Structures are given as C-alpha cells and as structure tokens.
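The values are calculated or read from the model by the stated rules, or taken from the named source; none is laboratory data. The shown structure was predicted, so the numbers you read here are calculated from the model rather than taken from an experiment. Cβ sites come from the backbone with ideal geometry, for glycine too, and all protein chains shown count toward neighbours. Heavy atoms of the whole protein, side chains included, go into the accessibility calculation; ligands, DNA and RNA do not. Shrake-Rupley method; radii C 1.70, N 1.55, O 1.52, S 1.80 Å.
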Amino acid sequence: MKKTLGTLAGIVLIALTSPAFADEDIEIGKKIYERAFGRGCGTCHDIASNPQLTELIKAGTLDRAKFESVLKEGKGGMPKAIAEIMKNKAVEKAGYGEDQAVDALFKYISTK
C-alpha cells in the first residue's frame with residue numbers, strides 16, 4: 001500500500017509540474033527573443049519585409065530542424081545566433097543546453 005501511494009504521489013507531482021516546465025520554456029524563449037543581440041529578434045523579424053517567424057512556424061513552412069539550422073549556420077542576412085542565444089542570462093540560469101534553448105525559442109515564437 002505504501003509503495004502504491006508513493007508511486008501515485010510521484011505521478012501526481014510529475015503531472016502538476018509538467019505545465020510549469022512548459023511555461024518556463026516559453027518564458028525563457030521570450031527572453032531570448034526580446035534580448036538576442038542586445039536588441040531582440042523582433043528588431044528584424046517583426047518588420048514586414050523580413051521573414052515573419054511566427055507565421056512561418058504556424059504555417060508549417062519553418063520546422064524545428066530548419067529553424068535550428070539557420071540559428072547555427074546563419075542564412076542570407078541572418079547571422080549565426082546560437083552563441084548569442086547561449087549567452088542569454090535566462091538560458092544560463094536555467095542551465096539549458098543548445099537544444100533546450102532552441103526548443104524554448106521555437107515554442108515561444110509558436111505561441112506569439
């Protein structure tokens with residue numbers, strides 16, 4: 001009985017904290033978006049003449065793998081951004097690796 005109760009308590013704890021992790025990812029993604037390169041991603045990507053990340057992601061035109069590739073390799077006028085992302089204080093504080101930071105940014109942009 002004690003073992004079952006302990007297992008149940010563990011499952012409940014995981015279920016209750018999972019949304020908190022998702023919210024943390026979105027909050028960290030928002031901080032990356034607002035602070036990258038000292039001026040934020042929106043400086044370029046919220047201008048109509050530049051790629052609209054939110055629309056591209058929601059339309060399925062820009063998937064997670066392609067998004068990561070551009071962040072790591074750059075493309076056209078987009079500089080390599082992964083090093084800048086990893087310097088973000090929110091990323092450092094959360095102890096995120098590159099994949100987690102890119103996931104957080106992608107999740108945030110997907111919810112904008």
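What's the extension gain from THR61 to THR43 if we count 0.36 nm per residue and subtract their Cα-Cα distance?
Extending this stretch completely gives an extra 4.3 nm.
Could you compute how fast the stretch 22-94 diffuses translationally, taking Rh as the Kirkwood radius over C-alpha pairs and applying Stokes-Einstein at 25 °C with viscosity 0.890 mPa s? Give it in µm² per second.
In µm²/s, the coefficient is 191.
Give the cross-link partners of LYS75 among the lysines, using a straight C-alpha distance below 18 Å as the criterion and excluding same-chain residues fewer than 8 apart.
Those lysines meeting the cut-off are LYS66.
Please list 3J(HN,Hα) in residue order for the stretch 107-112, calculated via the Karplus relation 6.51 cos²θ - 1.76 cosθ + 1.60 where θ = phi - 60°; whole Hz, with x for glycine and proline.
Taking θ as phi minus 60°, the curve returns 4, 4, 4, 5, 9, 4 Hz for the stretch 107-112.
On the full set of protein chains, 1.4 Å probe, figure out the accessible area of ASP25 and give it in Å² to the nearest 10.
Here the accessible area works out near 30 Å².
Using a 1.4 Å probe on the protein heavy atoms only, what accessible surface does GLU24 show? Give it in Å² to the nearest 10.
About 70 Å², rounded to the nearest 10.
Label LYS75 and GLU92 with points 7 Å out from Cα along Cα→Cβ: what is the distance between them in nm?
Placing both labels 7 Å beyond Cα along the Cβ direction yields 3.0 nm.
Under 27 Å Cα to Cα from LYS72, which lysines show up? Leave out anything in the same chain fewer than 8 places away.
LYS30, LYS31, LYS58, LYS80, LYS87, LYS89, LYS93, LYS107, LYS112
Quote the accessible area belonging to PHE67 in square angstrom, nearest 10, computed with a 1.4 Å probe and with ligands, DNA and RNA left uncounted.
So the heavy atoms of PHE67 present about 10 Å² to solvent.
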